[in-house]
Each structure stands twice: as structure tokens, then as C-alpha cells.
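Student: After the C-alpha cells below, expect a handful of questions from me.
The values are calculated or read from the model by the stated rules, or taken from the named source; none is laboratory data. Being a predicted model, the structure only gives us computed values, none of them experimental. Counting neighbours? That spans all protein chains shown, and the Cβs are built from the backbone with ideal geometry, glycine included. Surface areas here come from the heavy atoms of the whole protein model, side chains and all, with no ligands, DNA or RNA. Shrake-Rupley method; radii C 1.70, N 1.55, O 1.52, S 1.80 Å.
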Number of protein chains: 4
Amino acid sequence: MNVRVGIVGVTGYTAAELVRLLDRHPSANLTAATSRGDAGKPIHAVHPSTAGRSDVMIETFDPDKMKASCEVVMCCLPHGASAETVRQLIDVGLRVVDFSADFRLSSVEVYQKWYDVQHPWPERIGVTAYGMPEFFADDIRSADVVANPGCYPTSAILPLVPLIKAGLVDPSDVIVDSKSGVSGAGRSPKLATLYCETNESIAAYAVGSHRHQPEIKDLVHRISGKDIEVTFTPHLTPMDRGILSTIYLRPTGGSIDDGMQAWKQQYDSSPFVHVVDHLPATKHVSGTNHVQMTLRQAGDRWIAVCAIDNLTKGASGAAIQNMNVMFGLNETDGLL
Amino acid sequence: MNVRVGIVGVTGYTAAELVRLLDRHPSANLTAATSRGDAGKPIHAVHPSTAGRSDVMIETFDPDKMKASCEVVMCCLPHGASAETVRQLIDVGLRVVDFSADFRLSSVEVYQKWYDVQHPWPERIGVTAYGMPEFFADDIRSADVVANPGCYPTSAILPLVPLIKAGLVDPSDVIVDSKSGVSGAGRSPKLATLYCETNESIAAYAVGSHRHQPEIKDLVHRISGKDIEVTFTPHLTPMDRGILSTIYLRPTGGSIDDGMQAWKQQYDSSPFVHVVDHLPATKHVSGTNHVQMTLRQAGDRWIAVCAIDNLTKGASGAAIQNMNVMFGLNETDGLL
Amino acid sequence: MNVRVGIVGVTGYTAAELVRLLDRHPSANLTAATSRGDAGKPIHAVHPSTAGRSDVMIETFDPDKMKASCEVVMCCLPHGASAETVRQLIDVGLRVVDFSADFRLSSVEVYQKWYDVQHPWPERIGVTAYGMPEFFADDIRSADVVANPGCYPTSAILPLVPLIKAGLVDPSDVIVDSKSGVSGAGRSPKLATLYCETNESIAAYAVGSHRHQPEIKDLVHRISGKDIEVTFTPHLTPMDRGILSTIYLRPTGGSIDDGMQAWKQQYDSSPFVHVVDHLPATKHVSGTNHVQMTLRQAGDRWIAVCAIDNLTKGASGAAIQNMNVMFGLNETDGLL
Amino acid sequence: MNVRVGIVGVTGYTAAELVRLLDRHPSANLTAATSRGDAGKPIHAVHPSTAGRSDVMIETFDPDKMKASCEVVMCCLPHGASAETVRQLIDVGLRVVDFSADFRLSSVEVYQKWYDVQHPWPERIGVTAYGMPEFFADDIRSADVVANPGCYPTSAILPLVPLIKAGLVDPSDVIVDSKSGVSGAGRSPKLATLYCETNESIAAYAVGSHRHQPEIKDLVHRISGKDIEVTFTPHLTPMDRGILSTIYLRPTGGSIDDGMQAWKQQYDSSPFVHVVDHLPATKHVSGTNHVQMTLRQAGDRWIAVCAIDNLTKGASGAAIQNMNVMFGLNETDGLL
């Protein structure tokens, strides 16, 4: 079987990463790509790394044409705009992995408060599969739409859930201090992401107001059944890729070994989540779909440290993993 | 007046920064430099940036020769080794700014537990001036030895003290998540600080065990009279310089504005500590002795963010500032 | 004496560097700043590093108001736009250091061919002082307008001139392969200078068509009287600052030592140009107005290597040096 | 078929890259690894990115044990040491891809002059297959030992050969100005490759004396039959990976289009060499085995620009490509 894949919104970094991963996927390939601004150009005009390697032409978006050339569409549009496009793709019978936040949360109210837009398709909120096969493989298998997780939430939910679920840490006292590479900020030219603004510098941003905070809270609740209070602070770090989340927790009485065991039990059969003894660096997982996490004692607190690649497991790798599950391929195809 | 300055241990990054700062100091200049490994070479052989600009030759250490050419010595030796050298310099009548941790703490026991060496001069523990003129200017003015602060502690003590002293935050619930540039790890060749190990990567290290944790706890207590519980996590960040500390606090009932006011009152007359409204980036203070800090609400927590340059305010700039105070110069000479 | 300095076009990186250098200048200070887009804001709103350190407000451009508050204006506008503004400043009796290319070249035709605009003030072409005090100090001393040199030309002209003038190299066979930090590309948001486009990457650009090629050719001719053929290739390098030029030459029979001697004679009394034995790295001169150059044999070619900081000696440091000469200050004031 | 691969000298960056590439190779896998210093450790102890993904243990070198577990050995030892090890591996019947320079050159004299050691196996000089399948596929197919090319030579030989062979450029006037990422300098801790020495800096090194100069000269001659004079200057660039070579040539009368056509004819069937219209950046080929090259006019010179990843096509990717050819696999297996 060979899955034909389309990308809607092909100019950004997550799309570039999809192209890279599909290039080496044994049973899927890129057959269509759209972009409002770059239609009519070959794909290597926007991603020069594909020169000599892909002859896909960028087109304007047309759901029927996509239906003719694809089984599944990776929708890389911003929130708000995405939901409407996803609906059109579903209507023509395509399956979709949606990179936006439009279908991630359980509550229309929470979505509208944090994203400050009217949701265009509220019936799908709370019933759409969340694209984390470590917890939702069955939902994903049969889904027409999969909500691809946010990058920061991936680095927080994976370590948090087993500890919260097992009652090993106090759910009311959780801090996630995250450091992300600059690619997470997108490819639109902005002063804040110019080389000379971010190089040789680290800064916190969106303190107390980042939209991934409610996503972490919602998904931990959805998976573990426990309500958590979480303080989340993202930082812009001078590197292309990677997220490191340093998570401060209050243990309820168990040992670090209990925590490590809870993780190992949960992720024993997961091909990508690795419980390690060393302190993970983002470089250890760079360009891969792997996750490394460890747990340490610091006085009367626990500190969980989790490293992912924000473009791979934090976005496009997860999307390929979801696609593999949706189409009954090996979960690791194109990702090892 | 022109203060003649010697540097003991001239090969590292803090020494290079001292050379840079002294080069533009209006009333002090470098007159001697020593190094065990590089004696006999001109200083530009170890710091090529000084080519054509300094004719100081590196010598082996001899306190009497230093006495003949200097009024003050910057001692850039590692802990343990430093105390003995400082004693010899004092004995010949020199004044010293000591970059090591040997005289920073109040307790011999705490020192010996964390640094795992017998202290060579315990009488001086707890009675040596801590080189933070924002709090100890009088002590520094008359000191023969000044203990130059650690880089991480500077970025934590300055924001913490006014809030703790004013009772605005719970002293038992303090987390300092710090991100440092690689120069903080020194100039000795080590695998961990090779370009290709640290570039494009961020990682936590020394989780729960870094020696700057007791320094933060000790100094906050010494200045504010309050005992704090502090969790401290340092991170190695892919940049040469800079420390950003993100500090998680529990407010006791006051407003963010109360916190900002406590800072402004404390640092009103300080030429280097700036309370700002924006979220500071390390780049904003790079290469300077300035400190930028701000305070934000995030749910029921406060988040203080403080940026310094680890080599300047976190080491050699503070040392120059201390020297200025010791010799009655303008506190900002060579630093603006 | 205290020179009052204005900056026209204050939002870019060269202006930020001017602010940094003026902050420590003993006999000059910033008294006015203008910007079309940011008028009405304090200067720290566009350059957060100045927070707490400058109370200059950004205004719209008005030559009479500048005249009231300044003796000299640093004009940081793009070519074409700059000449007209410079004329207005001269008309009200101000002296100007112009950062654009508008007055650098000797020929209106060459200017119009390479810059593709009608020159707004052609009478001044060829008679304006070129701001390289190493060669034009007398012109600069009495100038109303000084054309501040291009960054790449500075790194090429300084090593080339003494060798060409002495007849030590073939003027018809000169290659300048230059590598620049990203700040040279300016602070306007563009895809090409986003962090994730330039980080971890090096590329040539404007091959065979960069406007600094005729500037190198023109100035070498103006100073040495010799016509040269020069191939110039700039490269965008993943670093904030610095230019390294690797220059390939054909010796005419002399030795490397002859070349080094020609340099030393020329720059003996120059406070900033250093002939060194080691291979200079851009880091050796980072943040300084210094120039390091060396000469090596490679088969039957000579290779000159020259390092400068593109924002300091390549732009704002040279401008301060020019201002110092214009106003009879020490040439090194604010620059050591 | 599944090729079992061993690595001798597994601690460096080229070995890490081999591990990464073998991890996704469909018909080869890593079965043995040796290292003098790290024997007895699991491979993830030296390459933490492999945590949870490989259970290979590092052993001391033993040719018989390697013979039992491998068909082919990647020998990642330094020159001089390598030849003797390769001989032992051949003696037990293994095939070898040798990463050192020991078998690359045609002349024992040239080798001994540039590498300053007695060659331990001179009979093999000049008769060993040079591992560039674009020119030597037949030799490689049947070889017991393949000399894996140097990183810089790969970036120079591929663009030079077709132009030299076609007589389109003057063979006596060739300059190769190359810029390499820091991984090319190896993983042994050295001052020169510390983060804070190389970050934010570019410098030339080994000017006129780099050992890849005779390799370029030798191979261009071996392939094209023409003797060239080449000036080669390498530069250390602040990035992990990548080589960009800017090559200055004198055309003999043809057009740029003639040059591009000569390239396209040569590399028409090559899966990795891409003749492109844009100016290639190293990022376009980062982490891949691809080569991008273009040709431009600059006055009366031609400038060829070629980008490769120094660890992939410049080392370990080429080694996998060679292995694929040696064992009759698809040339692109594991590399797309």
C-alpha cells in the first residue's frame, strides 16, 4: 500500500519537515501541495532543500483536486482558518491531520476564551481524536480528523500523565518551564525571530498567557481524569529545533524510582518514548520522533526533564505517526 | 588616581573579560598577570583579542612581585586553591577580589559539605565582604578581601531579596530555573563544552546538586534575615554569554505592582539594576554590567524574570564594580 | 568639550551600536534621535538594551530641531533617501556622518549604474571625504559631510592598499572572499534573515553583483593611484557580527615579510589597525573598532586575512572615529 | 539481504552519523562497535541519542570477532593508525570502508610528505578504490578496501572535474575557498573547538598547508587526466555541519551555460548530485547525502559554489553509499 499525502499550507517549517519525512517514508509519498502565496511554483522554490528531489507543483487549494490525488491531507493552517478548510476536506471524503489548535480542546468556551475567535465548527470540539497515539491509538485509527498536538503540550503531557494518574505527585502544584527552538515561532518574517534578535539570547515570552497552558491542563485531565493546576512558561532559545521542558512537581510520598517505574510501565511498548537515566539534551532527539525523559529529586521537589524535537515529535513527526496509525501502517514507518 | 590591577589565573574567560573592561577603564589599568601554564608568554598569546593593545607579559605567581606592581589583585583561581593564594596576597598588603567560592558562604560546614574540601582559611568564612555593592557597599569599601558573587546567585539574589524582605512572597516556596551561556563552564577543554555538543541544544545539569543553591539561600538569609527554601536548576544554553533566571514564587496577598515597587525602592539609586516593564532577554544586557528584571502574574503564582551577562555583572564586571567601591572611584567607572 | 550627537534613522543595528558606543564616550553624547515609524516612543522601546539608561525620545525628522540640539548627525538612512536628508542637515549648518553609499564613490555614472537611482546631489560625488581616517584624516577634519565606508570595503581596502601601492601584488588579479555576520543585512524583517533560515548555514549571495565591489575598486584607486581588477564574493555567516575577508593575491616577486612590512609602515601610528602573526578570527575583534590582518604564502599566491567587526569598524565605530577627528577629540575616544 | 556492519572507532562524530544512518537503512544494520577508551559501555553511553534504540555494546578491537559478526567494517581511525587496522580486517576476509587518508592518494611520496609518517602499507597506495561512486563505481563494487573521500575534497572534486575535463576552465588557476562546520574538527576536547572559541566567529586555518589540497589535486588528475594548480583555504564556521566551497576559476572561452551543461551531463544519473539555479546554502543539504552546486559569472571569472553536509556526503553518508555499491544494494538505500 502507498498512501498519497497532500499538504495544505506548504510554505512553513512544519511543512518542510513533512516533506523531509515523506521523502524517506517507505509507504507514503507527497502527491499534492497548496499555498495561497506560492501557487504555481515548484516546491523547491519555497524549500530549496528539495531541489532535484521532488517535482510536486504548488497549487491553490481545491478540495476536489486534493481528493483526486490524495488519501490524507496534512493541514498546516493557523487556528481559526483551519477548521473551515478541514470541513471541506472531510466533505469530499478525505482524512485529515490538522496541525492547528482548532480541534484539540474539550471545551468550546475554553477555546474561544484563549483563541479569541468564534469557533467555526464547535460540534467537533471534544469529540475529535487527539493525535497522541501513546494514549489515543484507537480513536486515531478510525478518525476522519486527527488534531495534531501542540509542541509544548507534547513535552509536558507525556511526562505528566503517568505521574498524575498514579497519584505520585500533587496535581495542584505543577510548573512547566519550557525552552523552545526558534522554528516554533513560524516562518513569517517578524522582527522577533530575526537572526540578530534571537541569536546569543534567551528570553521568556507569553508569561502567564500562552495558549498551550489550557491544552496541557485539558489533555492531562482527559487522559488521567485528574484536574491539575499548571503554571507554564515558554522561552525562546537560540537554536533551530528542540523543546526541553523542566517540570517542577511535589511528590506525594513515593520515590523517584516509583516515578520512573510509572513511566516505564506506561511507555514500555511505545517505540518513541524513552525513559533514560541521563539528563536529556534536545540534541539527543534532534531530527527524530523520539522523546527522552528522566526524573530527579531536588530537595522536597521532583524535577522531570523531557526533550523532544519540536518539529518532529512536536509537529510533523507526530503527524506522520498519526497517519501511520490511521492507515494501518507500522507506527514507525518513515520515522526511524 | 590610577589603580594598578593584577590578575592571578589569566587564561580563562573571566580574566579575558577583566582585560576587556580594564582596557576602557579611565582610572585603572592592568599591570600584572600570572598563570601556571602560560608564564613567559605575552597576554595576547592566550587572548588574541589583545594583540597590539597590551604589552603585559604573563608571569608565574609571586606575591612580592605583585605587591611591587599592583594595588589590587583579581584572583581567578578555582575554589580550594584560591583561599591559600588570597592569604599570601593579603599577607604582603594587597587587596583582593576573589572570584572563587571560598569566602562567599557564612558557614564552614555548608562550604565543606557542598565543595567537598577542607577549608584552608575558615576564620575568614562569614566575615568576608560579599561583593554585591547593592547591599554590602560599606563592607566592600574597607575590605581587604571581597568575595565576588557567583553568576547564578547574582541573577537570583537581586530579584529575590526585596520581595522576601517585604514579605510579599512565601519564603518556603521558591524555584529558580536558570539558563546560562556556555562561558560559565570555563575554558578548560572538556567534551561537554565542545561546540558540537552544546550548539543547537539545551539541557539541564547538576539538577538538585549545584553549588550555587546554598549560596542563594545563604545570601538571601544574610541580607533579608529570612530563611528560604529554594529549588535551583541550571541549564546550559547555546550562547556565549548571559543568564536568564525565571523565578517562580507564591505571593502572600500583595499585587504585582507592590512587588515592582519593592524592587524600585531597593534599586532606585543603583546604577546597574533596572526594573523594566518588558520581558528581558539576555541580549539586552550582553557585554554590560546591567541587570534587567520584571515581575508577572501567572495564575496564582508570581514569575520574576531577571537577565544578566554572566561574565560581566555575573563575574568580571561585578569585580570591577567592587574594585571601584574599594578604591573610592565612581562605581560605574569602566562599566558604562 | 562635549559633542552633542543626533541619529537619523534610529531603529536599525548600526544605530543601536552608535547608542552603545556613545553611552561610554567621554566627550560626546546622544541628544536626539529620529525615525519615521517609531516617533513618539522612548529609545528603549526600539532598543530594549537602553532601558533605564537613556531618556532620549524618538522624534520625526526636522532639521531645525536637530540644529538646536546637536553639533553632528549620524545619518543611518538607505542610499538614495540619504542624500536629500544630508543636504537639509548641511543647509542648517550641521555636520554629518552619512552611513549610506550616496557619497562614497568618485563617479556619478558608476553610482547610478550600481545603485540604479538618479543621484540627488551629484555635485558632491567625488569631493566628499571618505571616512577612513587611516587615509583621509585631513579631509575628514574639515568636512561638513563624511561618507562612512561600507563594511566589506573596510575589510578589503585596509589590507589591499599598502600592498598595491608598494607594487608588491598584481593589481589585475585580486579576489576578495568575504564572510559577514547577519547584522550586516539590516533589521527589517525578511525571510532570508530569519533565525531558522541563516542559523546552521553559510551561503554566498550577490555573486558578481554586490555594490561593495565598485567601492573597493574605486577607493583602492583613489588612495593608491592604481587601477585594480577585483572579484568580490560576500557570504552570509551564522553569527551576529564580524567580517572576515580572505584575499587572494599574486605577488610580484617580494616576500611575505615585505608585505607585512608595507602594512606595518602604513599602520604604525594607527590606533586600530593591527598587523598580527596569528590567523585572525572575527571574535578577536568583536565589539571593538580594531582590525587584525595577517599575510600568508600558499603556493605561488599570497593570502591576506583581515578581520573586523562589521557594526563597529565596519559602521558605527568608524563613524565615531570620524566624529572624533572632525571635532578634534582623541581619535580613540569612546572606542578603547 | 541484510548487511551486518561494524564500526571501529565508534566515539567520534562520523561514527555517530553512521549510527544515525544505519538506524534507518532498510538492508543493513549495526552489529559491532569498538573503541579503545569506551569498551564495555553500551553505545548510548557515548552517543546518548541512541538511548532506547540500540543494544550494541562497545568492545575492544578484535578482527576475528568482527569477522564473526560483520560483513563490512567502517574504520573511523586517524591516518597512520588506520592502515594497519585495515590490513588486519582484510586478512580475516572482511571488506572495509576506511575513513582515514591512508589510501586516498596516488603517491607514497606525496602521502609521506603531507602526513609526515612512514606509510605502513605502501603497496595499496594508488591502487585502492577512491570512494566516490560518481566516478569509481566499478572499482568500488569489487573492492576489499574503499578509501572514503575527505570532506573538503568531495566539495571541490565534484564541481571541478567536469569543468576541467571539458577544458572549460584554466587548470593552472584554481582557488577553493571552503567554509566548514565545526564537526569536521573531531570530537576530542581541544581549546580551539570549545563552544566559546568558535561560536560567533569565523576564521581561516591551515592556510597554505591543509592536507586536503594534495587530495583535491591528485583526484582531479586521476579522474580528468589534467594537472591542476589549486590554492585551498579552509575556514572554521560557527555551525555543526556543512561545507560550502566557493571556487574561483578562469573560463577558457565558453559560457556559464556550457559549464552547467557539462555538470548536468556528468551527474545526470547521479541520485545525489544536483545542479541548481539558486545559490546553495549548507542548510539546503544538511543531514542529507545530497550535493548542490551552481555556477556564476563575476567579471572575467567563473565562481562555482558547492554545498554538502560534511558528516553525510563528506563522510558517513558517502561511506554508506560506498557500502551500498560494494554489496549490490540500491545506491540510495538509507540515504533518501
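Student: Calculate the dipole size of the stretch D:151-310 relative to its Cα centre from +1 charges on Lys and Arg beta carbons and -1 charges on Asp and Glu beta carbons; express the result in debye to the nearest 20.
Tutor: Once rounded to the nearest 20, the dipole reads 300 debye.
Student: At D:Asp268, label 7 Å along Cα→Cβ: distances to the other copies, nm, ascending?
Tutor: Label point to label point, same position, other copies: 5.9, 6.5, 8.3 nm.
Student: If all Cα-Cα distances of the stretch A:151-313 are sorted into 5 Å bins from 0 onward, what percent lands in each bin, rounded to whole numbers?
Tutor: 2, 10, 19, 22, 21, 14, 8, 4, 2, 0
Student: For chain A, what Kirkwood radius comes out of the mean inverse Cα-Cα distance, in Å?
Tutor: Taking the inverse mean of 1/r over all distinct Cα pairs, chain A comes out at 20.2 Å.
Student: How far is C:Ala81 from the same spot in each other copy, in nm, shortest first, if each label point sits 7 Å from Cα toward Cβ?
Tutor: In nanometres, ordered from closest: 2.8, 5.5, 5.8.
Student: Among C:Ser107, C:Ile7, C:Asn148, whose Cα sits farthest toward the positive end of the charge dipole of chain C (+1 at Cβ of Lys/Arg, -1 at Cβ of Asp/Glu, about the Cα centre)?
Tutor: Going by the charge dipole, the pick is C:Ile7.
Student: Given H placed on each backbone N at 1.01 Å, which residues far from B:Val73 in sequence or on other chains put an amide H within less than 5 Å of it?
Tutor: Excluding prolines and chain starts, which carry no amide H, the hits are B:Gly6, B:Arg95, B:Val96, B:Val97.
Student: Distance between Cα centroids, the stretch D:260-309 to the stretch C:230-263: provide it in whole Å.
Tutor: 26
Student: Turning to a different aspect of this structure: May I ask you to rank C:Thr252, C:Thr312 by accessible area, largest first, using a 1.4 Å probe over the protein chains only?
Tutor: C:Thr252, C:Thr312
Student: Still on this structure: Kindly state, as a whole number, the per residue volume in cubic angstrom of the convex hull around the alpha carbon atoms of the stretch D:245-324.
Tutor: Per residue, the Cα convex hull of the stretch D:245-324 comes to 92 Å³.
Student: Per residue, what volume in Å³ does the convex hull of the Cα atoms of the stretch A:76-146 enclose?
Tutor: 81
Student: Would you be so kind as to list the residues of the stretch A:318-336 that have their accessible area lowered by at least 30 Å² in the full protein complex compared with their chain by itself (1.4 Å probe)?
Tutor: When all protein chains are present, A:Leu336 each give up 30 Å² or more of accessible surface.
Student: Here is a further query. Spelling out what I want: for every residue of the stretch C:121-130, take phi, set θ = phi - 60°, compute 6.51 cos²θ - 1.76 cosθ + 1.60 (Karplus), and round to whole Hz; glycine and proline get x.
Tutor: Ordered by residue, 3J(HN,Hα) equals 8, x, 4, 8, 5, x, 10, 8, 4, 8 Hz.
Student: If I ignore ligands, DNA and RNA and count only protein heavy atoms, how much of D:Thr34 is accessible to a 1.4 Å probe, in Å² to the nearest 10?
Tutor: Approximately 10 Å² of D:Thr34 is accessible to the 1.4 Å probe.
Student: Just the number, please: buried accessible area between C and A, total of both chains, 1.4 angstrom probe, nearest 100 square angstrom.
Tutor: 1700
Student: Here's something else I'd like to know. Can you grab the distance from the C-alpha centre of the stretch A:163-228 to the C-alpha centre of the stretch C:23-40, Å, no decimals?
Tutor: 38
Student: Bins of 5 Å, beginning at zero and ending with the bin holding the largest distance: percent of Cα pairs per bin for the stretch A:98-139, please.
Tutor: 5, 25, 31, 21, 10, 7, 1
Student: With chain D rotated onto chain C, spot the residue of D whose Cβ lies nearest the axis and note the distance in whole Å.
Tutor: Taking Cβ atoms only, the nearest residue and its distance are D:Asp177, 2.
Student: Give the angle, between 0 and 90 degrees and rounded to the nearest 10, that separates the Cα long axis of helix D:13-23 from the longest principal axis of the Cα atoms of chain D.
Tutor: 70
Student: Under a 10 Å cutoff between Cα atoms, tell me which one of C:Asp116, C:Asp64, C:Asp98 has the largest fluctuation in the Gaussian network model of chain C.
Tutor: C:Asp116
Student: Based on the alpha carbons, how large is the Rg to Rh ratio for the protein assembly as shown when Rh follows Kirkwood?
Tutor: 0.95
Student: So what's the back-of-envelope 222 nm ellipticity for chain C, counting only DSSP H runs of four-plus at -39500 (n - 2.57) apiece and dividing by all residues, rounded to 500?
Tutor: One gets -9000 deg cm²/dmol as the mean residue ellipticity at 222 nm.
Student: How much FRET efficiency would the formula 1/(1 + (r/R0)^6) give for D:Asp268 and B:Asp227, where r is the Cβ-Cβ distance and R0 is 56 Å, rounded to 0.05?
Tutor: Step by step, r from the Cβ atoms, then E = 0.15.
Student: Which percent of the accessible heavy-atom area of chain C goes to carbon and sulfur, probe 1.4 angstrom?
Tutor: 48
Student: What does the charge count around C:Gly80 come to, taking other residues whose C-beta lies under 10 Å from its C-beta (Lys +1, Arg +1, Asp -1, Glu -1)?
Tutor: -3
Student: When a/c reaches 1.5 or more, the comparison of a/b and b/c decides; with that in mind, is the stretch B:88-242 rounded, prolate or oblate per its Cα gyration tensor?
Tutor: Verdict is oblate for the stretch B:88-242.
Student: Any idea of the accessible area per residue across the protein assembly as shown, 1.4 Å probe, to the nearest Å²?
Tutor: 32
Student: Hey, another quick one. List the residues of the stretch A:228-260 whose accessible area drops by at least 50 Å² when all protein chains are present, compared with their chain alone, using a 1.4 Å probe and counting only protein heavy atoms.
Tutor: A:Thr231, A:Pro238, A:Met239, A:Asp240, A:Tyr248
Student: D:Asp144 label points, 7 Å along Cα→Cβ, one per copy: pairwise distances from this copy to the rest in nm, shortest first?
Tutor: Here D:Asp144 shows inter-copy label distances of 6.6, 7.6, 8.5 nm.
Student: Which residues of the stretch A:269-287 show a drop of at least 40 Å² in accessible area when all protein chains are present, compared with their chain alone (probe radius 1.4 Å, heavy atoms only, ligands and nucleic acids excluded)?
Tutor: In the stretch A:269-287, residues shielded by partner chains: A:His274, A:Leu279, A:Lys283, A:His284.
Student: At 25 °C and 0.890 mPa s, what whole-number value in µm²/s does Stokes-Einstein give for the translational diffusion of the stretch B:286-331, with Rh from the Kirkwood sum over Cα pairs?
Tutor: 202
Student: Leaving ligands, DNA and RNA out of it, work out the accessible area of A:Leu191 with a 1.4 Å probe and give it in Å² to the nearest 10.
Tutor: We get 70 Å² for A:Leu191.
Student: So what's the gap between the Cα centers of the stretch D:47-63 and the stretch C:106-162, to the nearest angstrom?
Tutor: After rounding, the separation between the Cα centres reads 61 Å.
Student: Among D:Pro162, D:Pro133, D:Pro189, which one shows the highest mean-square fluctuation when chain D is modelled as a Gaussian network with alpha-carbon springs under 10 Å?
Tutor: The residue that fluctuates most here is D:Pro189.
Student: Within the stretch B:151-310, what is the number of lysine pairs with alpha carbons under 28 Å apart, leaving out pairs fewer than eight places apart on the same chain?
Tutor: 15
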